[in-house]
Every structure is written in C-alpha cells, then in structure tokens.
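Comments concern the structure below.
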Amino acid sequence: MDGFRIDVAHGLAKDPELPDLAGHDGSAQPFWDRDEVHDIYRAWRKVADEYPGDRAFVAEAWTDTPERLAAYLRPDGLHTAFNFECLMANWDAKDLRAVVDDTFAMLRTVGAPATLLRREHPALSDGSLTWLDAPAGVLALRRDPGFVCVANLSAEPYQLPEHTSVLLTSGPVANNRLAPDQAAWLAV
C-alpha cells in the first residue's frame, strides 16, 4: 500500500488574525488543531480517492483529547492518526494502553475505517479486545476472531507471538522478531 505521512497535521490552519498568545483567553487554539484543517484533508482525500489502487494518509497530530484526535479519522478525511506527543512523554504502559483503548472507542464512535484490511478480517471492524502479557515497552492486543497487534516501543527485538500470517508491518520482520520502534498486525 502506498501512502503519505503528514507531520504536524494539526498545524495546517491558523487563525487569520494571527493573535498574540500572550493574553490568549484559552478558547480554541489559534495556531493548531483548528476545525478548518479538516476542510483541507477532505479536499486531499477527494483527490486521492479519484485514483485507482490503495493508499493511506497517516497523520501525526497533537491534540488535547482522544475526541479531537478521532476528528481527523473520517471516511472523507484521513485514514489513521497518532499523537506523537503521547509516545514521547514519560509514559507508563498502563497510561499508554488507556490511550489506545480510548482511540479504539473513538474510532468506533466516528465510524472511521480501521485500514483497508478491515473488510477482509472481521476482528478489525468489531470484536472484544484483550491485552496480552508482554514485557515492558511492548504493547500487544488481541481482537477476536483472529487478530493480534504488537507495538515494540522497547530497545530490544521482540519475539512475535504465534500467528498464521503477517498482515501488515511498519518495517521488516527478521526471524519472527519485531525490531525496536516497529509494529505488526498478525492473523492468528
């Protein structure tokens, strides 16, 4: 699949008055995560959808809440998004798992597509979510029937759990080991 990563996706629209932040009253942020940014992504998606083949827009967007992040994920907007600020902060696995849980809940609420694989794998559209035991720095979840996602945020390679096939990875998998800073979607 081809695609585009959009860094600072939250920063494409600014308040036209360009107000000084000193004395800002705390209402809508004038320089990022403005509602107008979604008009831009709807226009981009319309152009992308005119061409044959599969492609995805992936946004790195800083938002204050999971609801604001989910607003980037619309059938006529971006395909997926992540909030890199959450990953770079001093996080612990429990807090990061809560972010993932909230994001899955928001995706179900807004009806955004999970990836083009969703049509082929029932667990990607609905199903129970179970967190799997994993070492510190590794997140692993299972959705029934037959799907596991592993994100290796540690500094060491991680042995993938038993699976029937690899559906999608963010990088190469060698000897069934997931490299640091990589993720894999698995059929089980």
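Brief remarks follow.
- Looking across segment 17-38 at every residue that is in contact with an Asp or Glu (Cβ under 9 Å, 6 or more places away or on another chain) and modelled with pLDDT under 80, the one that is nearest to residue 61 (Cα to Cα) is identified as 29.
- Residues in segment 139-188 that are within 18 Å of residue 82 (Cα to Cα) and touching a residue at least 40 places away in the same chain (Cβ under 8 Å): 5 in all.
- Within segment 57-144, strands (runs of 3 or more DSSP E) holding 1 or more residues that are surrounded by 17 or more Cβ atoms within 10 Å (Cβ to Cβ), at pLDDT 70 or above and over 13 Å from the mean Cα position of the chain (by Cα): 138-143
- Among the residues of segment 33-49, none qualifies, meaning not one is of a type in the set (Asp, Glu), under 11 Å from residue 83 (Cα atoms) and surrounded by 14 or more Cβ atoms within 10 Å (Cβ to Cβ).
- For segment 148-187, the tally of residues that are under 11 Å from residue 137 (Cα atoms) and of a type in the set (Ser, Thr, Tyr) stands at 2.
The values are calculated or read from the model by the stated rules, or taken from the named source; none is laboratory data. A quick note: this is a predicted structure, and the numbers were derived from the prediction, not measured. Don't worry about glycine lacking a Cβ; one is built from the backbone with ideal geometry, like all the others, and counts go over all protein chains shown.
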